[in-house]
Every structure is written in C-alpha cells, then in structure tokens.
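Shown next, in structure tokens, is the structure this report addresses.
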Amino acid sequence: MLFKLILLLIIAYFLGAIPFAYLITKMVKGEDIRNIGSGNVGATNVFRGVGKGYGILTLLMDAFKGYLAVKLAIYFLPEHIMGQLYVAIMVIIGHGFSVFLKGKGGKSVATTLGVFIALAFPVVFFTFIVFISVVALFGYISVGSIVGSIFLPLALWTMKYDQPIIIFAAILCGYIIYKHKPNISRLIQGEEDKFIKGV
C-alpha cells in the first residue's frame, strides 16, 4: 500500500505541475502567460489575454488534472481516505509550485475544483453557484474564488462529510486566500481588473 501511495503522490505532483495556461498561451500566441495581464498562470488570465475559448479550455484542463489524480487515488486506495487526501494535496501543490515553471504556478482554484468534483460533487455544485453569484454581483473572479473557498468547508460541514475532508477543505481555503494576496492588495487599492465590466 505504501508503494502505491508514493507512486500516486509522484503522479499527482507531475499531473498538477503541467502548466496548461502556459502551454496554451505559448501555442496560440507564442508568448509567456507570465508576461501577459496579471502574470498569473491560470484560466482567468488566459481568458483575458488570449481568448475566452482558451480560458475555458485552461479551466477545464486544470480542473481535470485535479479530478484525475483523486480518481486514481480512489481507485487504487479505496479504503484509505487519508491517502486520497494526500494525493489531492500533492496535485494542488504541483499546480501552485510547478517544477516546469521553476517553482511558480497558479492559484489552484480550478485544480481544487477538480479535486472536489471527485471527492464531493454535490458540495461543488452549491459552491459553484455561490462563486457565480458573487462574480455576477461584484464583477471580480478573485472575490468569487475567495468567497467560494470559504463556503466550501462550511458546506462540507453542513452536509456532514467526514471530518478529514472538512479539515482538508479548511486548509485549502487558507491556501487559496494566501495565493490571492496580490489580488486582495489590488482590491484594497481599487486596482483589481473586473471580469464583468459595469458591475
């Protein structure tokens, strides 16, 4: 079992480390996504700087790698919830600190989405509604991501999921907020770009 877990952790990291935002932007525009817009290696920046379709593709691919890593863990470690969560952590770390980008990476929101689609799909559905509602109300993806990350562990707790998953979600909430520090600074200074203009 230990060998399986170690192998899954390695696979999860390298899956998470695949920088789809960087690769898609490089293929489409021949540019480094880190030199475009906010410089973030994520779907929102691709959406703004490369095109809507490519941004959606980046979102789907980043979510899929989180989903795939956890599904593999569930398949090979069906009775080991902590092992599944370790794999989930590793795929998110891979995205946020990619070896292919010299330790840099995105904010891990889409990859976290994929992880929880595999772990707790009903909660993801409600969290996504909260995210969309906040973005529609305020116009900022960053605000939607932060509020959604706070809502996630609360929803898991309300729906009586296992305690390890709730604690994992709470830790992820702190991590996602930490990764959004530059956005929070720009929001305070009134310099954050709105995703939806006119809101």
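The numbers here are math on the coordinates, done by the rules we state, and not lab data. Predicted, not measured: the structure shown is a model, and the values here were computed from it. For neighbour counting, all protein chains shown are included, and Cβ atoms are generated from backbone atoms with ideal geometry for every residue, glycine included.
Could you tell me which residue out of Ile188, Tyr86, Thr127 lies farthest along the dipole of the chain toward its positive end? Charges go on the beta carbon: Lys and Arg +1, Asp and Glu -1, centred on the Cα centre.
Of the listed residues, the answer is Ile188.
Given labels modelled 7 Å from the Cα in the Cβ direction, how far is it in nm from Ile188 to Leu2?
4.6
Given the C-alpha atoms of the chain, compute the convex hull and give its volume per residue in Å³.
111
If I model a spin label as a point 7 Å beyond the Cα along the Cα-Cβ vector, how far apart are those points for His80 and Lys29 in nm?
The answer from the label model is 4.2 nm.
Given H placed 1.01 Å from N in the peptide plane, which residues other than close sequence neighbours of Lys104 have an amide H under 5 Å from its amide H?
Here Ser98 satisfy the definition.
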